[in-house]
Amino acid sequence: MMKDISTILIVDDLRSNIIAITLLFKQCKECNSYRIVTAESGQEALEMTRRHKVDLILLDIMMPQMDGYEVCKHLKANDETKNIPIIFITGHSDDASLEKAYEAGASDYVTKPFRAVELLARVKINLQLYRTINALEHMANYDIMTDIYNRRKFFELAIPMFEECRDDLYAVMLDIDKFKSINDAYGHAVGDMVIKQVAKILKEKTDKEMLLARIGGEEFVLLLYSNSDDEVVTIVESIRKSIEAMEIVVKENQTLHCTISSGIARYTYTMPTIDYLLEKADYALYEAKNSGRNKSIFRV
Ligand SMILES: [Mg+2]
C-alpha cells in the first residue's frame, strides 16, 4: 500500500528558521512521509493553503504585516481550511501569548528554542488526530458502499435548500427495478456491484450543484434546481438510458443489465416540510413502478 504523504506548511518570516525546521524534518527517519512546503509571510501562507492540500501548519507568530494570529483567524474562518491543525512556534512563552494563540484557534504551541523531539512528536500526534477526525467525518456523511452522501447528510443539506421556498426546486426518487430478483438470482455480492455501478452513473450524470444521496437499500434521491420541467425530465431520462445501456460483468462470459424507475416532483408553496416534496416524488415513483418500470414519471 502506498504510504500516506502529509503536507506540512512551515511559515516564518525568517528564512533561516524555515531552513532549520526543514533540516530537522529531513534528519528524522519516519518523516519521509512528510512533504514540506514553506511560506515567508502571512499572505503567502494563505496563498499556499489555496494551492496545496495542507495537512498541518507550523506557524510563526511574529511576522510583519500579517502576524500568526491573523493568519490563524483567516484559516479558521474558511470551511476549506478550518480543520487544518496549526502549531504555533514562538519565542514568547508568557500566559497572555499562549492564551491568545489558543483563542485564535491553535491546536498546539511550541516555544523557541524548541527541542527537536518535542516538535516532531507534536507534529505526529496532531496529524494523527487530524486524520482520525477526517475519517470520522467521512464515515458520518458518506455511504460506505457508493461513496455518495448518506441519508443523514442528505437531510442535513436538503432541509436548508427546501426552506428557501424556491419554486424551481425539484426532487427525484430513483429506484433500481426488481432489485430483489437480482439479489436472489446472482447473490448479494452481485447486488452490491449493481448498486455501486448505478451510483457511479448517477455521479457522472449529475453535477456539484445537485444534491445526490443513497437514501435506502437500492433507492437514491436527487435534489436540484431548474428553470424548466423539461430540463429535469431530460436529465433523469438521460440517467435512465445510461443505466439501461450499462453492461455489468458478473463473471467471465456473463453480464447483466438493470434498469431504474424514477419519480419527479416540484416544490409548491403548499408543502410545509420537505417530506411532502419527497412523498410526492415517491408517489410518482410508485406510479412508474406500477406501469411497467424503466421509466420516469413527473408529478407537478
Ligand atoms: Mg518571526
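Only the coordinates and a few stated rules stand behind these numbers; no lab work does. What you see is a predicted model, and the numbers here were worked out from it, not measured in a lab. When we count neighbours, we look across all protein chains shown, and the Cβ atoms used for this are built from the backbone with ideal geometry, even at glycine.
Descriptive notes on the structure:
- Dipole axis of the chain (+1 Lys, Arg; -1 Asp, Glu on Cβ), positive-most option in VAL190, MET145, TYR276: VAL190
- Cross-link table LYS153/LYS196; LYS196/LYS280; LYS200/LYS251, entries beyond 23 Å C-alpha to C-alpha: LYS196/LYS280
- Dipole check for the chain: with +1 at the C-beta of Lys and Arg, -1 at the C-beta of Asp and Glu, and the Cα centre as origin, the magnitude is about 920 Debye.
- Taking a ≥ b ≥ c as the square roots of the eigenvalues of the Cα gyration tensor, the range 6-136 is rounded, since a/c falls below 1.5.
- Nonlocal amide H pairs with TYR109, under 5 Å, H built at 1.01 Å: PHE88
- Annotation: cysteines of the chain without a disulfide-compatible partner (Cβ-Cβ under 4.7 angstrom) are CYS72, CYS165, CYS258.
- Here's the list of lysines a cross-link from LYS112 could span, going by alpha-carbon distance under 21 Å and ignoring same-chain residues fewer than 8 apart: LYS26, LYS100, LYS124.
- Inverting the pair-averaged 1/r between distinct Cα atoms of the chain gives 22.8 Å as its Kirkwood hydrodynamic radius.
- Computed E for GLU99/ALA121 - FRET, C-beta separation, R0 30 angstrom, nearest 0.05: 0.85
- Peptides ranked, highest mean first, by Cβ atoms within 10 Å: ranges 286-293, 37-44: 37-44, 286-293
- Net charge over other residues, Cβ less than 11 angstrom from the Cβ of ASP168 (K, R count +1; D, E count -1): -2
- Fraction of beta bridges assigned by DSSP in the chain that are antiparallel (%, nearest 5): 50
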